[in-house]
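This report concerns only the one structure given below.
The values are calculated or read from the model by the stated rules, or taken from the named source; none is laboratory data. On a predicted model such as this, the values are computed, not experimentally measured, just so you know. All Cβ positions, even for glycine, are placed from backbone atoms using ideal geometry, and neighbour counts span all protein chains on display. These accessible areas exclude ligands, DNA and RNA; they are computed on the full protein's heavy atoms, side chains included. Shrake-Rupley method; radii C 1.70, N 1.55, O 1.52, S 1.80 Å.
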Amino acid sequence: MSLKISNRAEQIVQAEIRAMSIECEKVVGINLAQGVCDTEVPLPVRIGAKKAIDEGINSYTRFDGLEELRKAIARKMHSYNRITADPDSEIIVSSGSTGAFYCACLALLNPGDEVILFEPYYGYHINTLLAVGAVPAYVRLHPPDWSFSPEDIEKVVTPRTKGIMVCTPANPSGKVFSGLELQWIAEFAVRHDLFVFTDEIYEYFLYDGNKHISPGSFPGMAERTITISGLSKTFSITGWRIGYSVSHRRWAQMIGYINDLVYVCAPAPLQFGVAYGLLELGPEFYSEICAQYALKRDKICNAIAKAGLKPCIPQGSYYVLADVSHFPGHTSKEKAMYLLSKTGIATVPDEAFFHIPSNQNYVRFCFAKRDEEIDEACIRLERFSF
Ligand code: PLP
């Protein structure tokens, strides 16, 4: 065949999580590698979706989503995120937050544009940037609290920089960006005239009294911030593919055109289910998530520590990075395989989260699992002591 292989697709690899899941299956282990939450879908969300199917909400919706859902998101953005968005022109419902971010990048970035990311990063952020021909620039966060300074971001800016990406609460570090850090980022973005892309999919998973702050809520930031979120995690509906972006109408219009082109619309009855959930579920639902996941976090972090590994206690999201530098092996991958062989627990090695290996070796545990699975993982970890 004489067809040239596409370089774009060649750069994009999602190897580690999948590879570890396959290794886990081989030993019939406990898969704490993949971030799939298997807790129950809230009743109003299920009722809403069923009702929508029965009542005929099965056709294409407007390209930016059902009015009911856009209005419900606008209300939630106002009360929870402190961002005012017009549901008619500033909210684009998409195929998960993944689709929302992809559409935003396609709409707003040109090949060669540089986007600053904090690492450890979420692999889809990098791969989405690469897929649209953008160039990631990296700022390494400092463990164990994953801090950075204003100088760290200033060092990587160039005339080609078009945006900075924030993920708060973060996957994989569990970092919740503080008001001060977001203030630095806001000032930096204004100074260099940059977009701020912010992935807030874990906005309701917060521990130890940490508060979620949306970068788009800072004065003057709404016009340059693309807020990405969705309900995959909060409502345990990762397979439904309902997410959204919120941005100034100028950007939302362009993102909407791309969303129409790529997805036409998000699944109609499922949009309705999510709208129903947003309207029906009160604050107690969201505080229950924090309480429930805080218990899971504490259990797994204690067991990790008892096993002789150093967990970086997450402030939010549902992942924990643990230092396995002292394990046999040269790479994090070898160390994750060692842990799997000793305990039957699959984790993700940090090759998936750093563009060049870190000095320390980390593996990521996901604790969005049923309690039985967490308990079994804890027993195995506590039995194993390095
Ligand atoms: N953003 C982050 C930071 C994630 O960790 C994930 C899933 O693991 C997603 C987005 C995917 O979200 P969605 O299912 O809404 O596409």
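Numbers for the structure displayed
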{"item": "DSSP-defined beta bridges in the chain - what % are antiparallel, rounded to 5", "result": "50"}
{"item": "Karplus-derived HN-Hα couplings along segment 124-133 (A = 6.51, B = -1.76, C = 1.60, θ = phi - 60°), whole Hz, x at Gly and Pro", "result": "5, 5, 4, 5, 5, 4, 5, 4, 9, x"}
{"item": "Highest-first arrangement of 269-277, 363-371, 216-224, where packing means the average Cβ count within 10 Å", "result": "269-277, 363-371, 216-224"}
{"item": "Those lysines that a straight Cα-Cα span of less than 28 Å connects to LYS76, excepting residues fewer than 8 apart in one chain", "result": "LYS50, LYS51, LYS175, LYS211, LYS233, LYS296, LYS369"}
{"item": "Within the accessible area of segment 178-283 (1.4 Å probe), percent carbon and sulfur", "result": "56"}
{"item": "Separation between Cα centres of segment 184-231 and segment 265-305, rounded to whole Å", "result": "20"}
{"item": "For segment 27-123: relative contact order, % (alpha-carbon pairs under 8 angstrom, 6 or more apart)", "result": "17"}
{"item": "222 nm mean residue ellipticity, helices alone, for the chain (DSSP H n ≥ 4; -39,500 (n - 2.57); rounded to 500)", "result": "-13000 deg cm²/dmol"}
{"item": "Phi-based couplings in Hz for segment 185-198 (Karplus 6.51, -1.76, 1.60; Gly and Pro marked x)", "result": "5, 4, 4, 4, 5, 5, 4, 9, 6, 10, 6, 10, 9, 10"}
{"item": "Long-range amide H partners of PHE118 with built H, under 5 Å", "result": "VAL139, MET165"}
{"item": "Separation of the ARG370 and VAL264 label points, Cα + 7 Å toward Cβ, nm", "result": "3.6"}
{"item": "Per residue, in Å², the accessible surface of the chain once ligands and nucleic acids are set aside, probe 1.4 Å", "result": "43"}
